[in-house]
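The values are calculated or read from the model by the stated rules, or taken from the named source; none is laboratory data. The structure presented is a predicted model; accordingly, all values stated were derived computationally and were not measured. So basically every Cβ, Gly included, is an ideal-geometry build from the backbone, and we count neighbours across all protein chains shown.
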Amino acid sequence: MPVERINIKEPINFPSDELVSFLDRNEYLLSNNELLAGSPRLSVANMPFRQDNHEYKFVDEPVNIDAAFLLLDPLYINKYFESRGFSILDTMPVVRNDSTTLFTSAGIQIFESVIFDEDTAESELVFINQPVLRTQYMDGIREGNALSFINISTGALGITMTEHYRILQIWLDFLIMLGLDKEKIYFKVKQAERKWGDKVMRGEMIFIVYDGLEIGDAYYIPSVDQNTRDNFSVSDIGFGLERIAWILKGGSFFDTFTGYKVPRDVNSLDNRVMACLHAMIILVLEGLSPSNKSHGYRLRLFSKTIIRYVKGDMSSVERVLEPIISRWSKWTNNPARDTNDVINIIMQENYRNFNRLLLDYLSQVSGKKTSGFNINLSTTELIMRLRNSHISSDIINNALKELRYGE
Amino acid sequence: MVSNDTKNRKGSIFLAGGGSADESAKFDKVFLSILHNKTILYIPIAMEPGYFNYETHYDWIVATLTRLTDEFLSIDMCTDLNRIDLKKILLYDAVYIGGGNTYRLANLMRASGFDEILKEYNKRGGVIYGGSAGAIVLGKYISTVKEEDNDRASDDKGFNMLGGFSVRCHFKNNSDIQSFNYEQLSENIILMEDTAGILYKESVFKVITGDVFIFNNETVSPASSRF
């Protein structure tokens with residue numbers, strides 16, 4: 001493996017000559033950046049970045065609808081990167097064991113054993129279409145933000161910074177080929193120092209932004225500490241597939257997740273419900289079961305969030321499951337369950353959590369204890385037992401109406 | 001959610017010395033036992049984001065707390081304090097403030113106005129759990145850990161929610177207090193070892209676990225079980 005021996009205690013020249021050269025050569029712009037304001041070396045644009053209420057023009061003026069449909073097929077993207085010399089790797093499971101994270105959070109984790117266990121890399125220039133889960137953004141779910149998405153990413157080991165920017169060029173050529181307007185692509189840069197496991201990764205980080213929407217980032221780490229061999233550099237470049245598809249097709253961001261099969265004006269589910277459903281599906285597809293601890297905790301958390309919004313009205317949820325499952329099935333190599341099993345497990349968990357909601361509600365309005373009832377029964381069975389209990393029918397009927405059961 | 005029967009009383013404050021999950025397990029169980037709906041808002045921002053931002057921080061809090069109970073704990077995480085207001089925070093039984101750099105934490109909380117939201121939340125019965133930096137920031141001064149002030153220009157005041165006491169965690173021996181600014185920190189400093197856990201309720205500190213000391217007028221002495 002080619003190596004770079006760099007003393008990481010020396011400050012990295014920021015912004016790097018390679019970055020400046022890359023931006024100048026391609027006439028790209030930087031967003032307003034306090035660190036670089038007034039820099040004679042770089043052109044700075046006054047463009048928004050990550051604003052919550054920013055209205056994206058592409059929502060109503062799609063860029064290239066045909067290209068959005070092409071992105072539904074992982075083979076389409078694979079072909080492009082394979083033709084550029086990348087090894088195409090199989091996706092990793094989203095559910096991880098013995099890893100630095102419980103769930104796969106980024107495509108670069110394909111190199112985790114190389115970085116931490118000092119394994120030999122099968123290939124040092126790779127592309128991967130990686131489904132990922134990021135629970136940390138639960139409070140920020142909105143159009144453009146989901147809990148799970150496809151992180152299309154390239155990784156390279158032991159390359160120079162010039163080569164890293166050459167790979168970024170390949171990415172930008174791909175985006176422009178899809179139809180994105182080069183004039184609307186700009187960058188925000190920073191020096192980054194991020195901890196991964198017991199290693200500190202220091203380097204130059206660029207956010208790639210389109211019309212105010214962050215669509216990807218490129219991180220170059222000149223030197224990753226190794227114990228038994230020389231340090232090496234890492235190039236980590238990744239994009240959110242669904243955000244790119246959103247720009248191309250317009251409309252709702254969450255339409256990509258259904259393969260455009262359930263139009264948003266027909267399906268009125270809240271964005272948070274949609275985001276939690278997608279996340280549940282990818283986990284259940286991989287064989288995860290809900291629980292109160294460990295990996296399964298996430299499943300239960302997502303289901304409880306869904307119930308908080310839909311309560312007992314599950315009809316829209318049931319309708320939308322199959323197209324989402326069909327879509328995710330194309331992107332995972334690790335399906336452990338078929339479509340019907342996935343639907344059954346998700347709905348069973350949703351009804352279990354609705355049962356909990358119903359019992360808590362009844363306890364609150366009636367003043368009577370409901371702790372003796374089993375929430376793992378079917379809702380129909382639970383209601384029957386409630387009707388035979390000390391809680392009045394009127395209270396039960398009102399609760400079911402209030403919680404929209406049977407709608 | 002902050003319940004109606006506590007809204008006229010200040011909420012409890014749990015101060016943890018910042019040890020490992022095993023070291024704080026007994027104390028954490030006490031914390032979880034008083035939460036009526038088991039809803040917790042976790043704030044990890046005393047630490048810098050990692051390679052995957054705060055994903056591993058969320059993994060950690062879920063693993064740390066869910067192993068202590070068979071009940072479902074509803075744990076949300078907030079990494080942007082500008083997104084949260086009093087109305088939202090009152091939906092939680094407790095706010096859990098994690099450890100890291102105390103000055104970073106205090107600065108971010110003040111800049112967003114979250115310090116005032118937190119005080120009001122506690123006044124209305126909300127429970128606060130502060131681990132390490134999360135505990136220190138609730139005290140009168142945070143210069144008990146002045147070595148964490150990387151800018152050397154930050155405000156040394158804490159949120160003063162502990163009856164005039166300040167806190168220092170990870171206390172091992174007297175050499176830890178050599179760096180104290182004596183003028184500011186001459187009295188009423190709680191020194192907590194890693195295993196220490198204190199419940200502060202109705203103006204009384206109760207030592208639940210581990211060893212706790214009090215620094216007063218240049219003297220360190222063991223704290224009594226209630227003070």
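General remarks:
- Within the stretch A:349-370, considering residues that are free of Cβ contacts under 8 Å to residues at least 12 places away in the same chain and surrounded by fewer than 15 Cβ atoms within 10 Å (Cβ to Cβ), the one farthest from the chain's Cα centre (by Cα): A:GLY367
- In the stretch A:316-323 there is no residue that is more than 14 Å from chain B (Cβ to nearest Cβ) and outside any helix (DSSP H, G or I).
- Residue identified as within 14 Å of chain B (Cβ to nearest Cβ) and modelled with pLDDT of 95 or more among A:ILE115, A:ILE128, A:ILE152: A:ILE115
- Residue satisfying condition, being among the small types (Gly, Ala, Ser), crowded, with 18+ Cβ neighbours inside 10 Å, under 18 Å from the mean Cα position of the chain (by Cα) and modelled with pLDDT of 95 or more, within set A:ALA68, A:ALA106: A:ALA106
- For the criterion of being assigned to a loop (DSSP other than H, G, I, E, B) and touching a residue at least 12 places away in the same chain (Cβ under 8 Å), B:ALA63 fails.
- Considering (1) in a loop (DSSP other than H, G, I, E, B); (2) at the interface with chain A (Cβ under 8 Å from one of its Cβ atoms); (3) at pLDDT 95 or above, the lone condition that B:LEU68 does not fulfil carries the number (2).
- Boolean, A:SER268 is touching a residue at least 40 places away in the same chain (Cβ under 8 Å), away from chain B (no Cβ under 14 Å), more than 14 Å from A:PHE149 (Cβ to Cβ) and among the polar types (S, T, N, Q): yes
Here's the yes/no breakdown for (1) out of contact with any Ser or Thr (no Cβ under 7 Å at 6 or more places or on another chain); (2) hydrophobic (A, V, I, L, M, F, W, C); (3) under 30 Å from B:ALA94 (Cβ atoms); (4) surrounded by 12 or more Cβ atoms within 10 Å (Cβ to Cβ):
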position	(1), (2), (3), (4)
B:SER175	yes, no, no, no
B:GLN178	yes, no, no, no
B:LEU199	no, yes, yes, yes
B:GLU202	yes, no, yes, no
B:GLY210	no, no, yes, yes
B:PHE227	yes, yes, yes, yes
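- Taking the numbered list (1) closer than 23 Å to A:LEU157 by Cβ; (2) not in a helix (DSSP H, G or I) in turn, A:ASN78 passes all entries but (2).
- Cβ-Cβ under 8 Å pairs, at least 6 apart or on other chains, the stretch B:208-219 side at pLDDT below 90, far side of a type in the set (Phe, Trp, Tyr) and surrounded by fewer than 18 Cβ atoms within 10 Å (Cβ to Cβ): B:GLU218/B:TYR182
- Among the residues making up the stretch B:65-89, those that are more than 14 Å from B:MET47 (Cβ to Cβ) and among the polar types (S, T, N, Q) are B:THR66, B:THR69, B:SER74, B:ASN82.
- In this entry, B:LEU73 passes the filter for residues that are facing chain A (nearest Cβ under 9 Å), under 21 Å from B:ASN122 (Cβ atoms) and touching a Ser or Thr at 6+ places or on another chain (Cβ under 7 Å).
- Per-region count, the stretch B:38-55, residues over 17 Å from B:SER74 (Cα atoms) and either free of Cβ contacts under 8 Å to residues at least 40 places away in the same chain or out of contact with any Gly (no Cβ under 8 Å at 6 or more places or on another chain) (or both): 6
- In a residue-by-residue description of the stretch A:145-154, the property of being surrounded by fewer than 22 Cβ atoms within 10 Å (Cβ to Cβ), of a type outside the set (D, E, K, R) and closer than 30 Å to A:ASP60 by Cα applies to at least one position.
- Test: residue in the stretch B:47-61 that is within 20 Å of B:GLU148 (Cβ to Cβ), at the interface with another protein chain (Cβ under 8 Å from one of its Cβ atoms) and crowded, with 21+ Cβ neighbours inside 10 Å: yes
- Of the residues making up the stretch B:14-45, those that are under 30 Å from A:ALA192 (Cβ atoms), within 14 Å of chain A (Cβ to nearest Cβ) and in a loop (DSSP other than H, G, I, E, B) number 3.
- Within the stretch B:112-145, the set of residues being within 27 Å of B:PHE180 (Cβ to Cβ) and either without any contact (Cβ under 8 Å) to a residue 24 or more places away in the chain or not in a helix (DSSP H, G or I) (or both) comprises B:ILE128, B:TYR129, B:GLY130, B:GLY131, B:SER132, B:VAL137, B:LEU138, B:GLY139, B:LYS140, B:TYR141, B:ILE142.
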